[in-house]
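Note sheet for the following structure.
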Amino acid sequence: MPALSQTDPLIADLIAKEQRRQETTLELIASENHVSQAVLDAVGTVLTNKYAEGYPGARYYGGCEFHDQIEQVAIDRAKQMFGCRFANVQPHSGANANLAAFLSLLQPGDRYISLNLASGGHLSHGMKLNTSAIFYKPDHYELDPKSQLIDFESVRRKAHEVKPKLILCGYSAYPRTIDFAKFRAIADEVGALLMADVAHIAGLVVGGAHPSPFPHAHVVTTTTHKTLRGPRGGLILTDDEALSKAINRSVFPGSQGGPLMHVIAGKAVAFGEALKPEFKAYAAQVVRNAKALAAALTDLGYRLQSGGTDNHLMLVDLRARNADYTGADAERALERAGIITNKNAILNDPRPPKVTSGIRLGTPAVTTRGLGEADMAAVASFIDRAIGAKDEAASAEVRREVAAMCERFPMPH
Ligand code: DSN
(Lines give C-alpha, C1' and ligand atoms only; values in the text may rest on other atoms or scores of the structure.)
Protein backbone atom coordinates (compact mmCIF):
# COMPACT_ATOMS: atom_id res chain seq x y z
CA MET A 1 0.00 0.00 0.00
CA PRO A 2 1.51 3.40 -0.91
CA ALA A 3 2.56 5.52 2.05
CA LEU A 4 0.60 8.61 3.04
CA SER A 5 3.39 10.82 1.70
CA GLN A 6 2.69 9.42 -1.80
CA THR A 7 -1.12 9.33 -1.71
CA ASP A 8 -1.68 12.62 0.08
CA PRO A 9 1.54 14.64 0.36
CA LEU A 10 -0.35 17.70 1.58
CA ILE A 11 -1.66 15.97 4.72
CA ALA A 12 1.55 13.97 5.18
CA ASP A 13 3.54 17.18 5.13
CA LEU A 14 1.25 18.89 7.65
CA ILE A 15 1.47 15.88 9.99
CA ALA A 16 5.26 15.90 9.70
CA LYS A 17 5.31 19.62 10.49
CA GLU A 18 3.12 19.04 13.53
CA GLN A 19 5.43 16.27 14.72
CA ARG A 20 8.38 18.64 14.33
CA ARG A 21 6.50 21.38 16.19
CA GLN A 22 5.90 19.03 19.11
CA GLU A 23 9.49 17.78 19.08
CA THR A 24 11.00 21.26 19.15
CA THR A 25 8.72 23.01 21.65
CA LEU A 26 8.02 22.62 25.37
CA GLU A 27 4.41 21.56 25.90
CA LEU A 28 3.17 23.18 29.09
CA ILE A 29 -0.58 22.96 28.41
CA ALA A 30 -1.79 21.19 31.56
CA SER A 31 -4.31 19.04 29.68
CA GLU A 32 -1.93 17.65 27.05
CA ASN A 33 0.67 14.91 26.99
CA HIS A 34 2.85 12.82 24.64
CA VAL A 35 1.57 9.25 24.17
CA SER A 36 3.90 6.30 23.67
CA GLN A 37 4.70 4.80 20.29
CA ALA A 38 2.67 1.75 21.42
CA VAL A 39 -0.46 3.90 21.85
CA LEU A 40 0.11 5.51 18.44
CA ASP A 41 0.56 2.05 16.89
CA ALA A 42 -2.75 0.83 18.33
CA VAL A 43 -4.72 3.89 17.25
CA GLY A 44 -3.49 3.88 13.65
CA THR A 45 -4.86 0.43 12.77
CA VAL A 46 -7.60 -1.38 10.80
CA LEU A 47 -9.77 -1.31 13.92
CA THR A 48 -11.01 2.00 12.53
CA ASN A 49 -12.80 0.02 9.77
CA LYS A 50 -15.29 -1.69 12.06
CA TYR A 51 -18.75 -0.95 13.41
CA ALA A 52 -19.11 -2.48 16.86
CA GLU A 53 -22.30 -0.86 18.22
CA GLY A 54 -23.22 -2.52 21.49
CA TYR A 55 -20.92 -4.03 24.11
CA PRO A 56 -18.63 -7.09 24.28
CA GLY A 57 -20.73 -10.21 23.62
CA ALA A 58 -23.80 -8.16 22.61
CA ARG A 59 -23.11 -6.32 19.34
CA TYR A 60 -25.36 -5.22 16.51
CA TYR A 61 -22.81 -6.21 13.83
CA GLY A 62 -21.02 -9.44 12.95
CA GLY A 63 -17.25 -9.78 12.89
CA CYS A 64 -16.67 -8.36 16.38
CA GLU A 65 -14.73 -11.30 17.87
CA PHE A 66 -11.49 -9.37 18.33
CA HIS A 67 -13.21 -6.09 19.12
CA ASP A 68 -14.98 -7.82 22.01
CA GLN A 69 -11.67 -9.01 23.38
CA ILE A 70 -9.98 -5.62 22.95
CA GLU A 71 -12.82 -3.73 24.64
CA GLN A 72 -12.94 -6.25 27.48
CA VAL A 73 -9.22 -5.78 28.12
CA ALA A 74 -9.72 -1.99 28.18
CA ILE A 75 -12.64 -2.37 30.63
CA ASP A 76 -10.75 -4.75 32.91
CA ARG A 77 -7.66 -2.53 32.98
CA ALA A 78 -9.79 0.58 33.64
CA LYS A 79 -11.42 -1.15 36.62
CA GLN A 80 -8.04 -2.30 37.91
CA MET A 81 -6.54 1.19 37.57
CA PHE A 82 -9.26 2.84 39.66
CA GLY A 83 -10.13 -0.14 41.89
CA CYS A 84 -13.80 0.04 40.94
CA ARG A 85 -16.39 -2.48 39.68
CA PHE A 86 -17.67 -1.06 36.39
CA ALA A 87 -16.18 0.87 33.48
CA ASN A 88 -17.50 2.13 30.16
CA VAL A 89 -14.60 2.83 27.80
CA GLN A 90 -16.63 4.01 24.80
CA PRO A 91 -17.12 7.80 25.33
CA HIS A 92 -15.46 9.64 22.47
CA SER A 93 -14.33 12.49 24.76
CA GLY A 94 -14.61 13.91 28.25
CA ALA A 95 -17.58 16.08 27.25
CA ASN A 96 -19.31 13.00 25.80
CA ALA A 97 -18.59 11.06 29.00
CA ASN A 98 -20.20 13.87 30.99
CA LEU A 99 -23.19 14.04 28.64
CA ALA A 100 -23.77 10.30 29.04
CA ALA A 101 -23.29 10.48 32.81
CA PHE A 102 -25.85 13.31 33.04
CA LEU A 103 -28.28 11.28 30.89
CA SER A 104 -28.00 8.38 33.29
CA LEU A 105 -28.23 10.41 36.53
CA LEU A 106 -30.60 13.30 35.74
CA GLN A 107 -33.90 14.05 34.04
CA PRO A 108 -34.14 17.13 31.80
CA GLY A 109 -34.66 20.17 34.02
CA ASP A 110 -33.04 18.58 37.10
CA ARG A 111 -30.79 20.79 39.18
CA TYR A 112 -27.12 20.21 40.01
CA ILE A 113 -24.26 22.26 41.42
CA SER A 114 -20.71 22.63 40.12
CA LEU A 115 -17.87 25.13 39.85
CA ASN A 116 -18.40 27.47 36.93
CA LEU A 117 -16.07 27.77 33.97
CA ALA A 118 -14.76 31.21 34.94
CA SER A 119 -13.62 29.88 38.34
CA GLY A 120 -11.87 26.81 36.91
CA GLY A 121 -14.72 24.40 36.13
CA HIS A 122 -15.08 22.41 32.91
CA LEU A 123 -17.11 23.54 29.89
CA SER A 124 -19.43 20.53 30.26
CA HIS A 125 -20.17 21.40 33.90
CA GLY A 126 -22.80 23.99 33.12
CA MET A 127 -21.42 26.53 30.63
CA LYS A 128 -24.54 28.21 29.25
CA LEU A 129 -24.10 27.07 25.63
CA ASN A 130 -23.31 23.44 26.56
CA THR A 131 -25.94 20.66 26.83
CA SER A 132 -25.12 20.53 30.55
CA ALA A 133 -26.88 23.91 30.86
CA ILE A 134 -29.34 23.64 27.97
CA PHE A 135 -31.02 20.44 29.24
CA TYR A 136 -30.33 20.70 32.99
CA LYS A 137 -30.21 23.49 35.58
CA PRO A 138 -26.74 24.22 36.93
CA ASP A 139 -26.00 26.40 39.92
CA HIS A 140 -22.51 27.10 41.15
CA TYR A 141 -20.55 26.95 44.37
CA GLU A 142 -17.53 29.23 44.75
CA LEU A 143 -13.85 29.35 45.54
CA ASP A 144 -12.93 31.18 48.72
CA PRO A 145 -11.83 34.65 47.50
CA LYS A 146 -8.96 34.77 50.00
CA SER A 147 -7.44 31.30 49.97
CA GLN A 148 -8.73 30.60 46.41
CA LEU A 149 -9.48 27.05 47.54
CA ILE A 150 -12.86 25.33 47.24
CA ASP A 151 -15.11 27.00 49.78
CA PHE A 152 -16.90 24.05 51.38
CA GLU A 153 -19.20 26.41 53.27
CA SER A 154 -20.34 27.73 49.90
CA VAL A 155 -20.77 24.14 48.63
CA ARG A 156 -22.87 23.28 51.68
CA ARG A 157 -24.92 26.51 51.49
CA LYS A 158 -25.62 26.03 47.78
CA ALA A 159 -26.48 22.36 48.29
CA HIS A 160 -29.03 23.14 51.00
CA GLU A 161 -30.47 26.08 49.04
CA VAL A 162 -30.74 24.33 45.65
CA LYS A 163 -31.41 20.74 46.83
CA PRO A 164 -29.60 19.45 43.73
CA LYS A 165 -29.96 15.93 42.44
CA LEU A 166 -26.23 15.93 41.74
CA ILE A 167 -23.08 17.58 43.10
CA LEU A 168 -20.26 17.78 40.58
CA CYS A 169 -16.59 18.17 41.47
CA GLY A 170 -13.34 17.93 39.48
CA TYR A 171 -11.94 20.87 37.51
CA SER A 172 -10.08 22.19 34.51
CA ALA A 173 -7.96 24.78 36.30
CA TYR A 174 -7.69 23.97 40.01
CA PRO A 175 -4.15 23.52 41.34
CA ARG A 176 -5.05 21.94 44.68
CA THR A 177 -6.05 18.54 46.08
CA ILE A 178 -9.76 17.75 45.90
CA ASP A 179 -11.29 16.43 49.13
CA PHE A 180 -13.81 13.94 47.71
CA ALA A 181 -14.90 12.75 51.18
CA LYS A 182 -16.00 16.30 52.10
CA PHE A 183 -18.03 16.55 48.90
CA ARG A 184 -19.67 13.18 49.60
CA ALA A 185 -20.60 14.22 53.16
CA ILE A 186 -22.41 17.29 51.77
CA ALA A 187 -24.05 15.19 49.02
CA ASP A 188 -25.35 12.81 51.70
CA GLU A 189 -26.70 15.73 53.79
CA VAL A 190 -29.00 16.76 50.92
CA GLY A 191 -29.62 13.35 49.33
CA ALA A 192 -27.66 14.18 46.16
CA LEU A 193 -25.44 11.96 44.07
CA LEU A 194 -21.75 12.85 43.81
CA MET A 195 -20.06 12.89 40.41
CA ALA A 196 -16.30 13.48 40.12
CA ASP A 197 -14.81 14.48 36.78
CA VAL A 198 -11.16 13.62 37.31
CA ALA A 199 -10.09 14.40 33.72
CA HIS A 200 -7.10 16.47 34.79
CA ILE A 201 -5.88 14.34 37.67
CA ALA A 202 -6.76 10.81 36.45
CA GLY A 203 -3.11 9.87 35.91
CA LEU A 204 -2.18 11.24 39.32
CA VAL A 205 -4.98 9.20 40.93
CA VAL A 206 -3.90 6.02 39.13
CA GLY A 207 -0.25 6.71 39.98
CA GLY A 208 -1.04 7.34 43.66
CA ALA A 209 -0.17 11.06 43.56
CA HIS A 210 -3.71 12.31 44.30
CA PRO A 211 -6.42 10.73 46.51
CA SER A 212 -8.94 8.58 44.66
CA PRO A 213 -12.55 9.69 44.07
CA PHE A 214 -13.55 6.12 45.08
CA PRO A 215 -15.29 5.14 47.31
CA HIS A 216 -16.77 8.64 47.68
CA ALA A 217 -18.14 9.44 44.21
CA HIS A 218 -21.14 7.55 42.83
CA VAL A 219 -19.93 8.17 39.29
CA VAL A 220 -16.49 9.16 38.00
CA THR A 221 -15.81 10.52 34.53
CA THR A 222 -12.49 11.33 32.94
CA THR A 223 -10.67 11.94 29.72
CA THR A 224 -7.93 9.49 28.83
CA HIS A 225 -5.43 11.86 27.21
CA LYS A 226 -4.26 14.21 29.96
CA THR A 227 -2.19 12.99 32.92
CA LEU A 228 -3.39 9.45 32.08
CA ARG A 229 -1.36 9.71 28.84
CA GLY A 230 -3.64 7.75 26.52
CA PRO A 231 -5.32 8.58 23.21
CA ARG A 232 -7.96 11.32 23.12
CA GLY A 233 -11.15 9.92 24.64
CA GLY A 234 -13.42 9.53 27.65
CA LEU A 235 -14.19 6.97 30.34
CA ILE A 236 -16.98 6.49 32.91
CA LEU A 237 -16.55 4.49 36.13
CA THR A 238 -18.80 3.44 38.98
CA ASP A 239 -19.08 0.89 41.78
CA ASP A 240 -22.86 0.73 41.53
CA GLU A 241 -24.33 -2.01 39.34
CA ALA A 242 -27.67 -0.29 38.67
CA LEU A 243 -25.88 2.94 37.74
CA SER A 244 -23.49 1.02 35.48
CA LYS A 245 -26.47 -0.32 33.49
CA ALA A 246 -27.93 3.17 33.16
CA ILE A 247 -24.52 4.52 32.11
CA ASN A 248 -24.09 1.83 29.43
CA ARG A 249 -27.53 2.67 28.02
CA SER A 250 -26.73 6.38 28.11
CA VAL A 251 -23.48 5.97 26.17
CA PHE A 252 -24.97 3.58 23.62
CA PRO A 253 -27.61 4.08 22.32
CA GLY A 254 -28.27 7.19 24.45
CA SER A 255 -25.66 9.54 23.11
CA GLN A 256 -23.30 7.66 20.77
CA GLY A 257 -23.44 5.13 17.96
CA GLY A 258 -20.44 3.06 16.92
CA PRO A 259 -17.51 3.11 19.35
CA LEU A 260 -14.10 4.20 18.05
CA MET A 261 -12.51 0.77 18.40
CA HIS A 262 -9.06 1.92 17.29
CA VAL A 263 -9.13 4.49 20.09
CA ILE A 264 -10.41 1.90 22.57
CA ALA A 265 -7.40 -0.28 21.64
CA GLY A 266 -5.18 2.76 22.32
CA LYS A 267 -6.92 3.24 25.67
CA ALA A 268 -6.26 -0.44 26.54
CA VAL A 269 -2.57 0.01 25.74
CA ALA A 270 -2.32 3.25 27.75
CA PHE A 271 -4.14 1.68 30.71
CA GLY A 272 -1.66 -1.23 30.57
CA GLU A 273 1.16 1.32 30.75
CA ALA A 274 -0.51 3.14 33.64
CA LEU A 275 -0.69 -0.11 35.62
CA LYS A 276 3.09 -0.51 35.50
CA PRO A 277 5.27 0.61 38.44
CA GLU A 278 7.02 3.18 36.19
CA PHE A 279 3.77 5.09 35.95
CA LYS A 280 3.73 5.61 39.72
CA ALA A 281 7.17 7.19 39.42
CA TYR A 282 5.92 9.31 36.50
CA ALA A 283 2.91 10.62 38.45
CA ALA A 284 5.07 11.52 41.46
CA GLN A 285 7.56 13.30 39.18
CA VAL A 286 4.77 15.31 37.48
CA VAL A 287 3.81 16.72 40.89
CA ARG A 288 7.42 17.33 41.98
CA ASN A 289 8.09 19.15 38.72
CA ALA A 290 4.97 21.29 39.11
CA LYS A 291 6.00 22.27 42.64
CA ALA A 292 9.52 23.10 41.44
CA LEU A 293 8.20 25.20 38.54
CA ALA A 294 5.76 26.98 40.87
CA ALA A 295 8.56 27.78 43.33
CA ALA A 296 10.86 29.06 40.57
CA LEU A 297 8.15 31.32 39.11
CA THR A 298 7.29 32.64 42.57
CA ASP A 299 10.99 33.47 43.10
CA LEU A 300 10.87 35.45 39.84
CA GLY A 301 8.00 37.56 41.19
CA TYR A 302 4.94 35.85 39.72
CA ARG A 303 1.81 35.35 41.81
CA LEU A 304 0.20 31.92 41.60
CA GLN A 305 -3.49 31.44 42.30
CA SER A 306 -3.83 29.84 45.77
CA GLY A 307 -0.07 30.43 46.21
CA GLY A 308 1.18 27.26 44.51
CA THR A 309 0.17 23.75 43.52
CA ASP A 310 -0.49 20.27 44.90
CA ASN A 311 -0.97 18.64 41.51
CA HIS A 312 0.25 18.96 37.93
CA LEU A 313 -0.85 22.54 37.18
CA MET A 314 -0.63 26.14 38.27
CA LEU A 315 -2.39 29.37 37.38
CA VAL A 316 -0.05 32.31 36.94
CA ASP A 317 -1.56 35.73 37.60
CA LEU A 318 0.49 37.95 35.30
CA ARG A 319 -0.72 41.18 36.89
CA ALA A 320 1.72 40.82 39.78
CA ARG A 321 4.56 41.14 37.24
CA ASN A 322 3.03 43.67 34.86
CA ALA A 323 -0.50 45.04 35.31
CA ASP A 324 -0.95 45.70 31.59
CA TYR A 325 0.16 42.30 30.40
CA THR A 326 -2.67 39.89 29.50
CA GLY A 327 -2.92 36.11 29.26
CA ALA A 328 -3.33 36.42 25.49
CA ASP A 329 -0.12 38.50 25.29
CA ALA A 330 1.74 35.88 27.30
CA GLU A 331 0.40 32.93 25.28
CA ARG A 332 1.60 34.59 22.06
CA ALA A 333 4.99 35.65 23.45
CA LEU A 334 5.63 32.19 24.86
CA GLU A 335 4.66 30.48 21.61
CA ARG A 336 7.14 32.69 19.73
CA ALA A 337 9.79 31.34 22.09
CA GLY A 338 8.72 27.70 21.65
CA ILE A 339 6.77 27.33 24.89
CA ILE A 340 3.16 26.22 24.43
CA THR A 341 0.62 27.32 27.05
CA ASN A 342 -2.94 28.58 27.25
CA LYS A 343 -4.32 31.86 28.52
CA ASN A 344 -6.59 31.26 31.49
CA ALA A 345 -8.89 33.36 33.63
CA ILE A 346 -7.73 34.12 37.15
CA LEU A 347 -10.40 34.11 39.88
CA ASN A 348 -12.65 37.18 39.38
CA ASP A 349 -10.68 38.10 36.29
CA PRO A 350 -11.86 41.49 34.97
CA ARG A 351 -10.74 40.59 31.43
CA PRO A 352 -12.85 38.51 28.99
CA PRO A 353 -12.09 34.78 28.40
CA LYS A 354 -10.29 35.43 25.10
CA VAL A 355 -7.93 37.87 26.83
CA THR A 356 -7.64 36.96 30.57
CA SER A 357 -5.00 37.99 33.10
CA GLY A 358 -3.32 34.64 33.47
CA ILE A 359 -1.82 31.54 31.95
CA ARG A 360 -2.26 27.92 33.01
CA LEU A 361 0.89 25.81 33.09
CA GLY A 362 1.21 22.06 33.60
CA THR A 363 4.03 19.54 33.77
CA PRO A 364 2.54 16.23 32.43
CA ALA A 365 4.07 16.48 28.94
CA VAL A 366 7.52 17.80 29.89
CA THR A 367 7.73 15.09 32.57
CA THR A 368 7.01 12.47 29.91
CA ARG A 369 10.02 13.84 28.00
CA GLY A 370 12.16 13.27 31.09
CA LEU A 371 12.58 16.80 32.47
CA GLY A 372 13.14 16.79 36.22
CA GLU A 373 12.95 19.27 39.08
CA ALA A 374 16.44 20.56 38.34
CA ASP A 375 15.25 21.64 34.85
CA MET A 376 12.28 23.62 36.14
CA ALA A 377 14.33 26.69 37.10
CA ALA A 378 15.53 26.88 33.49
CA VAL A 379 11.94 26.49 32.22
CA ALA A 380 10.79 29.28 34.57
CA SER A 381 13.59 31.48 33.32
CA PHE A 382 12.63 30.78 29.67
CA ILE A 383 9.06 31.77 30.52
CA ASP A 384 10.14 34.96 32.24
CA ARG A 385 12.53 35.96 29.45
CA ALA A 386 9.98 35.13 26.71
CA ILE A 387 7.30 37.19 28.43
CA GLY A 388 9.71 40.06 28.96
CA ALA A 389 11.33 39.85 25.49
CA LYS A 390 11.70 43.39 24.15
CA ASP A 391 12.29 42.40 20.53
CA GLU A 392 12.37 39.52 18.04
CA ALA A 393 16.04 38.82 18.75
CA ALA A 394 15.43 38.32 22.49
CA SER A 395 12.58 35.95 21.81
CA ALA A 396 14.61 34.08 19.13
CA GLU A 397 17.42 33.58 21.65
CA VAL A 398 15.00 31.90 24.10
CA ARG A 399 13.61 29.86 21.19
CA ARG A 400 17.12 28.54 20.46
CA GLU A 401 17.67 27.56 24.09
CA VAL A 402 14.26 25.88 24.25
CA ALA A 403 15.04 23.92 21.08
CA ALA A 404 18.37 22.80 22.59
CA MET A 405 16.57 21.61 25.72
CA CYS A 406 14.02 19.75 23.56
CA GLU A 407 16.87 17.99 21.79
CA ARG A 408 18.25 16.82 25.13
CA PHE A 409 14.82 15.42 26.07
CA PRO A 410 13.34 13.71 23.00
CA MET A 411 9.65 12.81 22.79
CA PRO A 412 8.84 9.12 23.36
CA HIS A 413 8.56 8.46 19.59
N1 DSN B 1 -10.36 21.54 27.70
C2 DSN B 1 -9.75 20.72 28.72
C3 DSN B 1 -8.75 21.48 29.51
O4 DSN B 1 -7.86 22.02 28.89
O5 DSN B 1 -8.81 21.52 30.73
C6 DSN B 1 -10.75 20.02 29.57
O7 DSN B 1 -11.79 20.80 29.95
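Pop out the carbon and sulfur fraction of the accessible area of the chain as a percent, whole number, probe 1.4 Å.
Values: 9490 of 17300 Å².
Answer for the chain is 55 percent, counting heavy atoms of protein chains only.
If packing is taken as the average number of other Cβ atoms within 10 Å across a peptide's residues, how do 146-158, 254-266 rank, most packed first? If you can, show how the numbers build up before the last one.
On the way: 146-158: 16.2, 254-266: 20.5.
Taking the mean over residues of other Cβ atoms within 10 Å, the ranking is 254-266, 146-158.
Step through the residues of segment 207-220 one at a time and calculate ³J(HN,Hα) from phi using the Karplus curve (6.51 cos²θ - 1.76 cosθ + 1.60, θ = phi - 60°), rounding each to whole Hz and writing x for Gly and Pro.
Karplus-based 3J(HN,Hα) across segment 207-220 equals x, x, 9, 8, x, 7, x, 8, x, 6, 7, 6, 9, 10 Hz.
Pull up all non-local amide H partners of Asp139: gap of 5 or more, or a different chain, and H-to-H distance under 5 Å with H placed in the peptide plane.
Amide H neighbours of Asp139: Tyr112, Ile113, Ser114.
Apply 1/(1 + (r/R0)^6) to the Cβ-Cβ distance of Glu23 and Ala320, taking R0 = 35 Å, and write down the FRET efficiency to the nearest 0.05.
Once rounded, the FRET efficiency stands at 0.60.
With the chain treated as a Gaussian network of Cα nodes joined by springs under 10 Å, which of Asn248, Asn322, Asn98 yields the largest mean-square fluctuation?
Answer for the Gaussian network model of the chain: Asn322.
So how do 301-309, 223-231 stack up, highest first, on mean other-Cβ count within 10 Å?
Details: 301-309: 18.3, 223-231: 28.7.
Packing proxy ranking, top to bottom: 223-231, 301-309.
Report the gain in length on full extension from Arg332 to Glu392: 0.36 nm times residue separation, minus Cα-Cα distance, nm rounded to one decimal.
On the way: separation 60, 0.36 × 60 = 21.60 nm, distance 1.25 nm.
Computed gain between Arg332 and Glu392 is 20.3 nm.
Modelled label-to-label distance, Gln107 and Asp240, 7 Å Cα→beta-carbon offset: nm?
Result: 1.6 nm between the two label points.
For Leu193, list long-range residues whose amide hydrogen, built 1.01 Å from N in the peptide plane, is under 5 Å from its own amide hydrogen.
Here the answer is Leu166, Ile167, since their amide H atoms fall under 5 Å of that of Leu193.
Counting only other residues whose beta carbon sits under 10 Å from that of Phe279, what net charge do I get with K and R as +1, D and E as -1? Before the final figure, lay out each step's value.
On the way: positive: Arg229, Lys276, Lys280; negative: Glu273, Glu278.
Local charge sum for Phe279: +1.
What length, rounded to one decimal in nm, is gained on full extension from Leu123 through to Ala38, with 0.36 nm per residue of separation minus their alpha-carbon distance?
Details: separation 85, 0.36 × 85 = 30.60 nm, distance 3.06 nm.
Length gained between Leu123 and Ala38: 27.5 nm.
Which ³J(HN,Hα) values in Hz, rounded to whole numbers, follow from the phi angles of segment 349-357 under the Karplus curve 6.51 cos²θ - 1.76 cosθ + 1.60, where θ = phi - 60° and Gly and Pro get x?
5, x, 8, x, x, 8, 10, 6, 10
Using each residue's phi in segment 117-134, evaluate 6.51 cos²θ - 1.76 cosθ + 1.60 at θ = phi - 60° and report the 3J(HN,Hα) Karplus result to the nearest Hz, with x for Gly and Pro.
Result, rounded to whole Hz: 4, 5, 9, x, x, 8, 3, 8, 10, x, 5, 4, 8, 8, 4, 5, 10, 6.
Restricting to lysine pairs 8 or more places apart or on different chains, what number in segment 243-336 have Cα atoms under 22 Å apart?
Close lysine pairs found across segment 243-336: 4.
What residue among Ala16, Ile359, Val287 has its Cα farthest toward the positive end of the dipole of the chain, where the charges are +1 on Lys, Arg and -1 on Asp, Glu, each on the Cβ?
It is Ile359, whose Cα lies furthest towards the positive end.
Across segment 65-168, how many lysine pairs, 8 or more apart or on two chains, come within less than 20 Å at their alpha-carbon atoms? Display every interim value, and only then the final one.
Values: Lys128/Lys137; Lys128/Lys158; Lys128/Lys165; Lys137/Lys158; Lys137/Lys163; Lys137/Lys165; Lys146/Lys158.
Close lysine pairs under the 20 Å cut-off: 7.
What nm value, rounded to one decimal, do you get for the distance between Ala284 and Leu10 when each label is placed 7 Å out toward the C-beta?
5.1 nm
If I ignore ligands, DNA and RNA and count only protein heavy atoms, how much of Glu392 is accessible to a 1.4 Å probe, in Å² to the nearest 10?
130 Å²
Mind ranking 199-206, 353-360 by how tightly packed they are, going by the mean number of other C-beta atoms within 10 angstrom, highest first?
Packing order, densest peptide first, comes out as 199-206, 353-360.
Using the basic label-point model (7 angstrom from Cα toward the beta carbon), what is the Lys182 to Lys276 distance in nanometres?
3.7 nm
The values are calculated or read from the model by the stated rules, or taken from the named source; none is laboratory data. All of these numbers come straight from a predicted model, not from anything done at the bench. As a convention, Cβ positions derive from the backbone with ideal geometry for all residues, glycine included, and neighbour counts pool all protein chains shown. Ligands, DNA and RNA are excluded from the accessible area calculation, which covers all protein heavy atoms including side chains. Shrake-Rupley method; radii C 1.70, N 1.55, O 1.52, S 1.80 Å.
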